[in-house]
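Everything on this sheet refers to the single structure shown next.
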Amino acid sequence: MTARPEPAARLLRIHGHVQGVGYRNAFHAEARRLGLDGWVRNRSDGSVEALVAGPPAALEAIVAWSRLGPPPARVDDVSWQPADTPPQPGFARLATV
């Protein structure tokens, strides 16, 4: 029997023209489609922040997607760091911080 890899987690920060263009909602939909857990929120500095957890291939896919975003967005930079997995399953849109 092959063991499943433990879910990994990343905290992403997306900079550019990513607020007011549906980025957060589109990210939420893509994360759910990929079966990820975590959350996404706008930040008061104009960036978007997301905590994503799941299989490594799904994490790579959401990072690649985040570099493009929805059509009206302009992404200038995506950075990420390892993070702890979220305490609850599912994916949420959180309020701006």
- Message: Looking only at segment 37-48, count every residue that is of a type in the set (Asp, Glu) and either in contact (Cβ under 8 Å) with a residue 40 or more places away in the chain or in contact with a His (Cβ under 6 Å, 6 or more places away or on another chain) (or both) and tell me the total.
- Response: 1
- Go through Arg32, Arg41, Arg13 for me and flag whichever is among the charged types (D, E, K, R) and in contact with a helix residue (DSSP H, G or I) (Cβ under 8 Å, 6 or more places away or on another chain). Arg41
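Where a number appears in this text, it was derived from the coordinates with a stated rule and is not lab data. Source: prediction; values computed, not measured. Here Cβ is always computed from backbone atoms with ideal geometry, including for glycine, and neighbour counts include all displayed protein chains.
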